[in-house]
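Contents: one structure, followed by commentary.
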Amino acid sequence: MQLLILAWKSLLNRRATALLTLLSISFSVLLLVGVERLRTEARESFANTISGTDLILGARSGTVQLLLYSVFHIGDATNNISWKSYQDIAAMPRVDWIIPIALGDSHRGFRVIGTDQSYFTHYRHGRNQSLTFARGGPFQDLYDVVVGAEVAKSLGYHLGDAVVVAHGASDVSFARHADKPFRVVGILERSGTPLDRALYVSLQAIEAIHVDWRNGGPPPPGQSIPAGQAREMDLTPRAITAALIGLKARIATFQVQRRINEYPEEPLTAILPGVALSQLWGLVGVAENALLLVSVCVVIVGLIGMLTALLSSLNERRREMAILRSVGARPAHVFALIMGEAFALTTTGALTGVALLYAVLFSTRQLIEYRFGIHLAQTGLSAHELMLLGLVLLAGLLVGILPSYRAYRLSLADGLSIRV
Amino acid sequence: MEGAVPKHAPGQSPDNVIRIRDLTFRWKLGMPQVLDLPSLVIDRGERIFIEGASGSGKSTLLSLLAGVILPERGEIQVLGERLDRLGSVQRDHFRAHHIGFVFQMFNLIPYLSVVENVLLPCRFSDQRRLRALRDADSLEAEALRLLRQLDMTDATLLRRPVTSLSVGQQQRVAAARALIGAPALLIADEPTSSLDSDRRESFIRLLFDECARAGSTLVFVSHDASLEPLFNRTLRLSEINRSAAARRAEG
Ligand SMILES: Nc1ncnc2c1ncn2[C@@H]1O[C@H](COP(=O)(O)OP(=O)(O)OP(=O)(O)O)[C@@H](O)[C@H]1O
Ligand SMILES: [Mg+2]
């Protein structure tokens, strides 16, 4: 204890260099734990995008691709599912609920999703949270649209605003369904998932806006059907893109999956969201690990900075060591003194780093949640983060051994003669 | 060993504070012999002046007396304890308990206050702490008493950073540190060489007074022969040291 106080006072005496060393250690710890925190939270919020869904149904395609377009609204389906197949699957006895998803239209860069009321009743994200409305409610009328929180915010939409949907992913004038505008009837609460970045209409609405289109192109002049007239027509969907399935009993998952994969009338795929998510995360994981590696390197650089500072301080401290030896300090004390300094530097560095992290988390939490949909929990340090900090402290002590041993050797060799 | 009252081998005077016999020392194997002392005896209460040219091995001798280094051959006995037979930890304890040391200059640890510097030996030795507390209520009081004896009375002086003190003031703080807890042996390695001649003499007189009060034996080293008359005995290293290197250093 005495020695630790001595080490601390000696450190204060060299506060300029000590502060710089401290700064480099705390920033490297901030980076390390910050990256780790972001990594786990990103993974968590990624996995939270969808929950409660047992199977995702799509035309035959890759697992990751199906997950991407059905849940993350990224990329396109190569094939559709016929309405008949969808109804067959929906009628399977083990199926509890099913959410149809029809993709293919967009609005100013945001996806338009054709679905039905089951989306609002059955879709779950996070820890079993369903969709909630910030304003208004689900679509009722044919030309009603519900918008995600991010859509409403970035486009400044309010209830009652008119929305024109465009065909395909790019919003260009000739492909707009300008003759059949929608009316905003609901704005979803922010969820921090891709849900925020989409618009929702009924399957019938998707059918209605395409009712006069031929071969994927706008109607020839004079043949377009006005919005009111379309209401009167048969708007039974012809096809959908994907469907989310909830089963009555989870235990039947593989059985239903096999039945779907072997569906005779059309090549279909059913995937387990959890499996697909972890496959996708495996792809992202490389970048994520690289990030962690870089922050580990930054910590190493910070510790090398401390090593340099300690080693270069030794020469000016040889006098101090001789004085301590003359009043009865053992070479082991001299060793412990430098060790204590390394310990004090790494410990305070790590603590300030963590404090900085919480300051940064607190001030940027909203920004990160809005921008990236990652919810940074204001929780204490996780076991894994504590382990990382423990490793940093251990590395700091290991780094301290070198200058401590050198000081020990010097104090043995110098004896009581003061050398400078 | 700690705390044991130094004992004396039969046939030796209990007044021998230091006994050296047939001692040789070299810093490293292959380096020239620095010391070759057939015999050196110093008695309790003596005030010894050891004189020698620069490089003749004065500081080396003091390091041997303080038990920081070990002789190559021969016996070295301090306060009845054979230092050459003690382990390094025991020698460190021995030094902490029984020896006060004053260097030539820069004696003080820059980041400690005056009083903290004076109390440093009490941090490493229980014996000296207990002895310091014997005639004072607290360690601080004893430190202040010693500083007062050494003419460091100004209270503002004590609050200043030690690096801002004059050299003479620093040396007096160092003397107070060496004297706290009344060590039996006070070793001073040219403590006055950076003082002017007036200050030099008054410093030495203060040191004498405090040594007498504490009952400490003083071994004082210098190459300044003009101080010699103040002491009750002078040892010329050139006369007692047979090593060739020392003769060369004497020219
Ligand atoms: N730590 C050391 N390692 C190696 N050699 C040393 C060491 N200390 C002293 N020496 C050598 O031992 C010899 C005696 O040195 P010492 O310091 O004892 O002389 P000194 O009489 O105290 O001189 P000065 O009056 O200049 O202080 C010198 O040749 C010196 O170079
Ligand atoms: Mg010397």
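Structure above, values below:
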quantity: Enumeration of residues in the range B:208-228 that are among the small types (Gly, Ala, Ser) and within 16 Å of residue B:192 (Cα to Cα); calculated: B:222, B:225, B:226
quantity: Residues (more than 16 Å from ligand 1 (Cβ to nearest atom), outside any helix (DSSP H, G or I) and open to solvent by less than 10 Å² (accessible area, probe 1.4 Å)) located in the range B:166-207; calculated: B:180, B:181, B:183, B:185, B:186
quantity: Failed condition for residue B:121, given (1) at pLDDT below 90; (2) surrounded by 21 or more Cβ atoms within 10 Å (Cβ to Cβ); (3) within 13 Å of chain A (Cβ to nearest Cβ); calculated: (1)
quantity: From B:205, B:200, B:242, B:172, residue being touching a residue at least 40 places away in the same chain (Cβ under 8 Å) and of a type outside the set (Ser, Thr, Tyr); calculated: B:242
quantity: Qualifying residue in the range B:131-146 (condition: within 16 Å of ligand 1 (Cβ to nearest atom), polar (S, T, N, Q) and open to solvent by less than 60 Å² (accessible area, probe 1.4 Å)); calculated: no
quantity: Inter-residue pairs, beta-carbon under 7 Å, first surrounded by 14 or more Cβ atoms within 10 Å (Cβ to Cβ) and in the range A:299-312, second not in a helix (DSSP H, G or I), 6+ apart; calculated: none
quantity: Matching residues in the range B:42-93 - criterion: being of a type in the set (A, V, I, L, M), free of Cβ contacts under 8 Å to residues at least 40 places away in the same chain and within 13 Å of ligand 1 (Cβ to nearest atom); calculated: B:68
quantity: Test: residue in the range A:257-272 that is assigned to a helix (DSSP H, G or I), modelled with pLDDT under 90, out of contact with any helix residue (DSSP H, G or I) (no Cβ under 7 Å at 6 or more places or on another chain) and of a type outside the set (S, T, N, Q); calculated: no
quantity: Number of the exception - residue A:108 against (1) surrounded by fewer than 18 Cβ atoms within 10 Å (Cβ to Cβ); (2) touching a Phe, Trp or Tyr at 6+ places or on another chain (Cβ under 7 Å); calculated: (2)
quantity: So residue B:116, is it open to solvent by less than 20 Å² (accessible area, probe 1.4 Å), more than 22 Å from residue B:189 (Cβ to Cβ) and modelled with pLDDT of 90 or more; calculated: no
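The rows are residues; the columns are (1) assigned to a helix (DSSP H, G or I); (2) away from chain A (no Cβ under 14 Å); (3) open to solvent by 20 Å² or more (accessible area, probe 1.4 Å); (4) within 16 Å of ligand 2 (Cβ to nearest atom).
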position	(1), (2), (3), (4)
B:45	no, yes, yes, no
B:55	no, no, yes, yes
B:60	yes, no, no, yes
B:63	yes, no, no, yes
B:67	no, no, no, no
B:70	no, no, yes, no
B:75	no, yes, yes, no
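The values are calculated or read from the model by the stated rules, or taken from the named source; none is laboratory data. Treat the numbers as computed from the prediction; the structure is a model and nothing was measured. Counting neighbours? That spans all protein chains shown, and the Cβs are built from the backbone with ideal geometry, glycine included. Quick note on the areas: whole protein, heavy atoms, side chains included, nothing else; ligands and nucleic acids left out. Shrake-Rupley method; radii C 1.70, N 1.55, O 1.52, S 1.80 Å.
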